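The values are calculated or read from the model by the stated rules, or taken from the named source; none is laboratory data. Everything quoted here is computed from the prediction, not taken from an experiment. Using ideal geometry, Cβ is built from the backbone for each residue, glycine included, and neighbour counts are taken over all protein chains shown. Protein only, heavy atoms only, side chains kept; ligands, DNA and RNA dropped before computing areas. Shrake-Rupley method; radii C 1.70, N 1.55, O 1.52, S 1.80 Å.
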Amino acid sequence: MREALDAACRDAGRAPSSLRRSVAIGACLGEAILRIGPVALPPGAIRGSPEEIAATLRSFAAEGISEVQIALAPFDVRGVEAFAPVLEALRVS
C-alpha cells in the first residue's frame, strides 16, 4: 500500500516524504484481550513484554510512521498503568 501511495504522490508532483504517516493498532499487555465494547478485536494487536512492544513501536518509526494510535487492553485505567513500562522502555532507548 505504501508503494501505491508513494506513486500517487509522485504522479501529483508531491514528495512522498512530505506525508505524515500514521497507524492505529491494539496493544495487549499480559493475557488481556482487546475489546471495544462487546466486540473482541482480531488478533492483529501487538503483545509481549514492555521491551518487545517498545521494539515493535520503534520499528514503525524505522518504516517512516510518525504517529501511532494505540488501543490498550485492558481498555481502562489498568491498561494505561500497564503500558507505563513500555513508555519507559521507549524513553531510555
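Which one is nearest to Val23 (Cα to Cα) among residues in the stretch 65-79 that are out of contact with any helix residue (DSSP H, G or I) (no Cβ under 8 Å at 6 or more places or on another chain) and surrounded by 13 or more Cβ atoms within 10 Å (Cβ to Cβ)?
Ile65
Within the stretch 40-64, work out how many residues are modelled with pLDDT under 80, surrounded by fewer than 17 Cβ atoms within 10 Å (Cβ to Cβ) and of a type in the set (A, V, I, L, M).
Summing the residues that are modelled with pLDDT under 80, surrounded by fewer than 17 Cβ atoms within 10 Å (Cβ to Cβ) and of a type in the set (A, V, I, L, M) in the stretch 40-64 gives 2.
Is it the case that Gly37 is loosely packed, with under 11 Cβ neighbours inside 10 Å and at pLDDT below 85? Talk me through it step by step, then tell me what you get.
Details: loosely packed, with under 11 Cβ neighbours inside 10 Å: yes; at pLDDT below 85: yes.
Taking the combined requirement at face value, the residue satisfies it.
Just to verify a result, which residue in the stretch 11-34, among those that are in a loop (DSSP other than H, G, I, E, B) and at pLDDT 85 or above, is most open to solvent (accessible area, probe 1.4 Å)? Spell out the reasoning first.
Going through the stretch 11-34, the residues in a loop (DSSP other than H, G, I, E, B) turn out to be 12-15, 19-21, 29-34.
Still in the list and also at pLDDT 85 or above: 12-15, 20-21.
Working: Ala12: 81, Gly13: 71, Arg14: 116, Ala15: 51, Arg20: 186, Arg21: 40 Å².
Across the stretch 11-34, the extreme among qualifying residues is Arg20.
When both residues are 6+ apart or on different chains and their Cβ atoms are under 6 Å apart, which pairs have a first residue that lies in the stretch 80-93 and is open to solvent by 50 Å² or more (accessible area, probe 1.4 Å), and a second that is of a type outside the set (Gly, Ala, Ser)?
Matching pairs, first to second residue: Pro85/Pro50.
Could you grab me the full set of residues in the stretch 42-93 that are in a loop (DSSP other than H, G, I, E, B) and of a type in the set (S, T, N, Q)?
Keep residues of the stretch 42-93 that are in a loop (DSSP other than H, G, I, E, B), which gives 42-45, 48-49, 63-66, 74-76, 93.
Passing the criteria: Ser49, Ser66, Ser93.
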